[in-house]
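The values are calculated or read from the model by the stated rules, or taken from the named source; none is laboratory data. The structure presented is a predicted model; accordingly, all values stated were derived computationally and were not measured. Positions of Cβ are backbone-derived with ideal geometry, glycine not excepted, and every protein chain shown enters the neighbour counts.
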Amino acid sequence: MKRLEEARRRTNERLQKQQQRVDARFARMQERLQQKFDEPSDTQQRIIEAALVLLKEDGLASLTQRKLATRLDMQAPALYWHFKNKEVLVDYLAEAILKREFETIEPRRDDQSWQEWLIDHMSRLRKAMLAYPDGARVVAGARLYPAVTLAKSFEYGLRSLHSAGIDLIAARRIITTATTYTFGYVIEEQAAPSEEELEEYDVNTFLEAYPYLARSFAGEERTKAGQEADYLAGLHLIIHETSGA
């Protein structure tokens, strides 16, 4: 009996030490990542601000290194000293876009349901992306570093749902589904033809060939309020299905 107890004690000690080593390793990794993706330098911030202006004016396709360099009165190769390629710059743009809406992110309050928190949070994500042409394409394709606000969005989402009694795996699926839905919805919103472009099409003839499509939109005006209502209705469907409500 004593041998069994001693073996159990030694096993527990080994497991505790192993867990301590794992915790320390993750702490070091987090520290290195935080150092690697620190706040942009003054020059980087100036480049980011100029890139956001170009994005606002003409969208992502027109955001070229040459145009950006001209706007900044710099030589194009000099940009590579601060951002090694356009993809990295776009990641920083995603972070800047998100930070303007999510200056702070808070998890669910004790008096708040996880459904209420998720609807509010996803609506703010949609608002952030709609603030810039192609904002959804920029944010949806961003890596979690340096777009750390996107990482915080997932982290606080998981915490908010888990604290409400939802299993972490289920919480991850709910957050991922809601976020992916929001990305896709806004990408479609921002890719939709303008009123001027629609005037070039014979919409009525087109819809005659697709009567169910025509009837599904009958009596609806595609206003911003209507698009938001459709978005929220879809988000409620996701929550209803995943929560079993």
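The C-beta contact set for segment 223-242 (first residue farther than 17 Å from T180 by Cβ, second residue surrounded by fewer than 14 Cβ atoms within 10 Å (Cβ to Cβ), distance under 7 angstrom, 6+ apart or interchain) comprises G226/E220.
With respect to A171, is the statement that it is under 21 Å from E241 (Cβ atoms), among the small types (G, A, S) and free of Cβ contacts under 8 Å to residues at least 40 places away in the same chain true? Talk me through it step by step, then tell me what you get.
On the way: under 21 Å from E241 (Cβ atoms): yes; among the small types (G, A, S): yes; free of Cβ contacts under 8 Å to residues at least 40 places away in the same chain: yes.
Yes.
Let me confirm something: among D91, D134, D111, which residue is of a type outside the set (A, V, I, L, M) and closer than 24 Å to A229 by Cβ?
Working: D91 fails: closer than 24 Å to A229 by Cβ; D111 fails: closer than 24 Å to A229 by Cβ.
After ruling out the rest, the residue left standing is D134.
Checked against the criterion of being within 30 Å of S163 (Cβ to Cβ) and of a type in the set (K, R), the candidates K84, K99, K67 yield just one match: K99.
Residue count for segment 207-229 under the criterion of being assigned to a helix (DSSP H, G or I), closer than 26 Å to R137 by Cβ and either out of contact with any helix residue (DSSP H, G or I) (no Cβ under 8 Å at 6 or more places or on another chain) or modelled with pLDDT of 80 or more (or both): the result is 6. When every residue of segment 125-147 is checked against the conditions, none turns out to be among the aromatic types (F, W, Y) and assigned to a helix (DSSP H, G or I). Only residues that are touching a residue at least 12 places away in the same chain (Cβ under 8 Å) and either buried (at least 18 other Cβ atoms within 10 Å of the Cβ) or farther than 24 Å from L130 by Cβ (or both) were counted across segment 61-79, and they come to 5.
Residues in segment 142-157 that are buried (at least 16 other Cβ atoms within 10 Å of the Cβ) and aromatic (F, W, Y): 1 in all.
Specify the residue that is farthest from the chain's Cα centre (by Cα); the eligible residues are those in segment 3-17 that are surrounded by 10 or more Cβ atoms within 10 Å (Cβ to Cβ) and at pLDDT below 70. Out of the qualifying residues, it is A7.
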